[in-house]
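As structure tokens, the structure follows; a few thoughts come after it.
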Amino acid sequence: MEKQVQDLLLQSKEIEKNFFQLIDNTKDNYSKCSINSKDYNLQREIYRSYRVFVEVGARILYEIMNDEDYESFTSSQTNVVDAINLNENKDYDFQSYNFIKNQFVRSLDVQLALLESVSPLIKLNEENFRKELVLDFLDNEMEQVKLLLKNDYIRPSGVILGIILERYLKNICSENDINFKEKDTLQPLINKIYESNKIDWFNNRKKNELEHMASIRNSCSHDSKDEPKKEEVQELLLKVELYLSKEDF
């Protein structure tokens, strides 16, 4: 599965390169993009390649990610396909070069961020870790996140931090006999731990703080006009580090 993901990431680079060529070729003097006979076959090739990318990526995410992330991946394809089609059935403003480019990049980045988070999630799920192994492994993943964030890979950093936080909360549940489902996302886990009343330090203030952290993570895995800010993901990183440093579950 990890090789499939790496193949998809390579494929996405080719799709992105061809897409930029398409919009460069079809832009007129008013920065409006519209298809012409010369670039029609290029557009068809981009569309076919992207459909394969989505189909394979969706199958992988369905097997390993939670329902919310799977839905985020599949729903982002609408904007990407519309961009490949140069928003041909939309108003003039939606057919501008910059609008189409930003629409494509923003939505594809959401999908890539989710795919790039598959590898650490596979490793976390490969065996039933003991508590000390979990913490060691998560520490290693934190170092990877710092490197990603340093190089401005903001969305993947936020998604992986969310996975790390989910694993931390699931271990709290496991260590304290709190029932949870393996596909539970951050919010259900936060609610279950809080409502259990089994963790002394898990008060209302901590619940609100974790919900804020979950909202930052979600901004990295959902397609929206507002891009996640690096400062927000840096905040998430610092707070996740503080939780991982706690000695008690």
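The values are calculated or read from the model by the stated rules, or taken from the named source; none is laboratory data. Predicted model, so just to flag it, every value in this text is computed and none were measured. Note that each Cβ is placed from the backbone with ideal geometry, even for glycine, and that neighbours are counted across all protein chains shown.
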Give the residue that is farthest from the chain's Cα centre (by Cα), with candidates limited to residues of the range 39-60 that are more than 28 Å from Glu71 (Cα to Cα) and touching a residue at least 12 places away in the same chain (Cβ under 8 Å). Asp39
Only one of these conditions is not met by Ser117: (1) hydroxyl-bearing (Ser, Thr, Tyr); (2) modelled with pLDDT under 80; (3) closer than 19 Å to Gly162 by Cβ. Which number is it? (2)
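Kindly indicate whether any position in the range 54-69 is outside the structural domain of Ser219 (by TED's automatic domain parsing), basic (Lys, Arg) and modelled with pLDDT of 95 or more.
Step one: list which residues in the range 54-69 are outside the structural domain of Ser219 (by TED's automatic domain parsing), which gives 54-69.
Filter again for basic (Lys, Arg), leaving 59.
Checking which are modelled with pLDDT of 95 or more leaves us with none.
No, because not a single residue in the range 54-69 is outside the structural domain of Ser219 (by TED's automatic domain parsing), basic (Lys, Arg) and modelled with pLDDT of 95 or more.
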Could you list, in sequence order, the residues of the range 183-198 that are among the β-branched types (Val, Ile, Thr) and touching a residue at least 40 places away in the same chain (Cβ under 8 Å)? Thr185
Of these, Leu189, Leu238, which one is assigned to a helix (DSSP H, G or I) and buried (at least 19 other Cβ atoms within 10 Å of the Cβ)? Leu189
What's the number of the only condition in (1) surrounded by fewer than 18 Cβ atoms within 10 Å (Cβ to Cβ); (2) more than 19 Å from the chain's Cα centre (by Cα); (3) of a type outside the set (A, V, I, L, M) that Gln4 fails to meet? (2)
Based on what the data block shows, is Leu147 at pLDDT 85 or above and of a type in the set (A, V, I, L, M, F, W, C)? no
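Would you call Glu127 at pLDDT below 65, farther than 19 Å from Leu236 by Cβ and part of a loop (DSSP other than H, G, I, E, B)? Before you say what the answer is, go through the steps one by one.
Working: at pLDDT below 65: yes; farther than 19 Å from Leu236 by Cβ: yes; part of a loop (DSSP other than H, G, I, E, B): yes.
Spelling it out, Glu127 is indeed at pLDDT below 65, farther than 19 Å from Leu236 by Cβ and part of a loop (DSSP other than H, G, I, E, B).
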So the check is Cβ under 8 Å with 6+ separation or different chains; which pairs have a first residue in the range 25-38 that's within 15 Å of Lys90 (Cβ to Cβ) and a second one that's part of a helix (DSSP H, G or I) and of a type in the set (A, V, I, L, M, F, W, C)? Cys33/Ile23; Cys33/Ile100
Filter result (of a type in the set (D, E, K, R) and not in a loop (DSSP other than H, G, I, E, B)) within the range 157-186: Glu166, Arg167, Lys170, Glu175
